[in-house]
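The values are calculated or read from the model by the stated rules, or taken from the named source; none is laboratory data. Just so you know, these numbers come straight off a predicted model, no measurement behind them. Here the Cβ positions follow ideal geometry from the backbone for every residue, glycine too, while neighbour counts run over all protein chains shown. Each accessible area value is taken on the protein alone, full model and side chains, heavy atoms only, with ligands, DNA and RNA left out. Shrake-Rupley method; radii C 1.70, N 1.55, O 1.52, S 1.80 Å.
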Amino acid sequence: MDRVVIIGGGPGGYEAAHVAAQLGAEVTVVDTDGIGGSAVLTDCVPSKTLIATAELMTEVSDSAELGIDFFDHEGDATTTIRVDLAKVNARVKKLAADQSADIAARLERDGVRMVKGRGRLGPDLTVIVGDETIQADSILVATGAAPRTLPGAMPDGERILTWEQVYDLTEVPEKLIVVGSGVTGAEFASAYLALGIPVTLVSSRDRVLPGEDADASAVLEEVATRRGMEVLSQSRMESVTRDGEVVTVRLTDGREVTGSHCILALGSVPNTADLGLEEAGVETDEGGFIKVDRVSRTSCRGVYAAGDCTGVLMLASVAAMQGRIAMWHFLGDAVAPLDLKKVSSNVFTAPEIATVGWSQKSVDAGEIQVQVVMLPLAGNARAKMQGVRDGFIKLFIRPGTGIIVGGVVVGPRASELIHVVSLAVAESLTADKLAQAFTVYPSLSGSIAEAARRLHRVES
Ligand SMILES: Cc1cc2nc3c(=O)[nH]c(=O)nc-3n(C[C@H](O)[C@H](O)[C@H](O)COP(=O)(O)OP(=O)(O)OC[C@H]3O[C@@H](n4cnc5c(N)ncnc54)[C@H](O)[C@@H]3O)c2cc1C
């Protein structure tokens, strides 16, 4: 029986464990912080649980237009409802702990052995955890990543916070400063704004979400500022300090921004130090990320790596797929290499931004020739009924074949709407094929079919 040892119990690790167990291997998962990893305990699951409350607040705040009357407060929902952050955070933590327990129970049912502790690579395909040395035929390293901090901006866990620490807040911040306008910064800024907290977003770039579709981030910035967010673009943080109840963010141009709390969203560093990687011959890049190929192999025979510690694309879904691919490959099952052009992802802001396949950036850089259609959601009947004005559908097709190679959805529940585009990209469907499938009337997905219809080519 093949022995598989997995270091790290996040999605990269636990999804691989299921596959390995299914294929008949003897599987051990070594984890320090809790099964489910950062994805379940501190990052993905907690933030999306917080955002579920934020979404509801947004809907209620916008509901006067749909005829909801808040009779105690002269029809103004924003003064009628307020968030109980202690309750929200208690729910977040419980849900995350329950999810972790569910995952551990499923692993147990699959016969996976779980060892609590810090693992490191030993000689000859072994993993060392405390006093125990576990022999393996294959090792998967899936140790994830941790929030990046800077010497001039050290979190104190009370008012200067990493994204892992925000769930300890029991009082609503009077004024929140979010430093960093990547996905994590934008999501927290958008969520806390929706919860009724004044938010300033400090962005070193000229727009929020610099890595996303530019049209999408323009919509987000427009909506966020309309809702009252202060966005400071081209503003590089130099330091964050605290004096009593006041937090000051100093910018490199000398300006200062003050608030009651600050969230640092400065990116992630891989958890790859002191893992015995170098001794085992596992190569890392200059940022410390483990180098892997498209079937998750490292430079050391028998050692695979998956997830954030590889830096390939820091998403739970990608981590899980890398982990599964590693096990399919090692255990001789059918395997297709990881294809990043098929990955769909979502930014859980208000509105949501979902993307799949080739991006506008690649198109603009001339990496691929495409025909583009962009259809605003405002004209959609369902959107009008729901009071939705912001957002759009964008599709990219190959000019010759009409095959859909990418798309962007900006709007409510874009994370759900993107799936049909994702399916089209994965299965190389043409715009005509997508357009011919029935959609419900009225529905937001009707706009996806409509966008595809607009790309119909009349043969001349
Ligand atoms: C705020 C935030 C929100 C996010 N939201 C989303 C989202 O909505 N959707 C999405 O797809 N992605 C999201 N992500 C990204 C996602 O969380 C990561 O891509 C995912 O956690 C990566 O999984 P992983 O298995 O590589 O690592 P992790 O989930 O970090 O798990 C690694 C595990 O390994 C353990 N470990 C580390 N070192 C050792 C060691 N030496 N020995 C034993 N165990 C060790 C850790 O304790 C941890 O339990 C979000 C990230 C952040 C920061």
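Some notes on this structure:
- In the complete set of protein chains, residue-level accessible area for Val388 is approximately 20 Å², probe 1.4 angstrom.
- Under-5 Å amide H pairs with Glu352, H placed in peptide plane, nonlocal only: Gly411, Arg413, Ala414
- Helix-only arithmetic for the chain: the sum of -39500 (n - 2.57) across DSSP H runs with n ≥ 4, divided by the residue total, places the mean residue ellipticity at 222 nm at -9500 deg cm²/dmol.
- Per-residue ³J(HN,Hα) for the range 263-278, Karplus 6.51 cos²θ - 1.76 cosθ + 1.60, θ = phi - 60°, Hz, x for Gly and Pro: 9, 9, 10, 9, x, 10, 10, x, 7, 10, 6, 6, 9, x, 5, 4
- Residue by residue, the range 238-252 carries 3J(HN,Hα) couplings of 9, 7, 10, 10, 10, 10, x, 9, 10, 10, 10, 9, 9, 9, 5 Hz when phi is fed to the Karplus relation 6.51 cos²θ - 1.76 cosθ + 1.60 (θ = phi - 60°); x denotes Gly or Pro.
- Cα pair distances exceeding 27 angstrom across the chain, given as percent: 59
- Cβ-based net charge around Leu23, under 10 Å, with every Lys or Arg adding one and every Asp or Glu removing one: -2
- Computed accessible area, Thr401, all protein chains, 1.4 angstrom probe, square angstrom: 80
- Amide H contacts under 5 Å for Thr430, placed H, 5+ residues apart: Ile404
- Loop-located GluC sites (Glu not before Pro) in the range 248-291 whose Cβ has at most 11 other Cβ within 10 Å (DSSP): Glu286
- Scanning residues 5 or more positions from Ala145 or on other chains, those with amide H under 5 Å from its amide H are Asn271, with H placed 1.01 Å from N in the peptide plane.
- Phi angles across the range 126-134 convert, under the Karplus curve 6.51 cos²θ - 1.76 cosθ + 1.60 with θ = phi - 60°, into 3J(HN,Hα) values of 10, 10, 9, 10, x, 7, 8, 10, 9 Hz, Gly and Pro given as x.
- The slack in the chain from Asp333 to Glu278, taken as 0.36 nm per residue of separation less the alpha-carbon distance, amounts to 16.9 nm.
- Label-point gap, in nm, between Asp131 and Ala64 - each point 7 angstrom along Cα→Cβ: 6.8
- Residue-normalised accessible area of the chain, expressed per residue, 1.4 Å probe, Å²: 47
- Just the protein heavy atoms count here, and of the accessible area of the chain at 1.4 Å, carbon and sulfur take up 50 percent.
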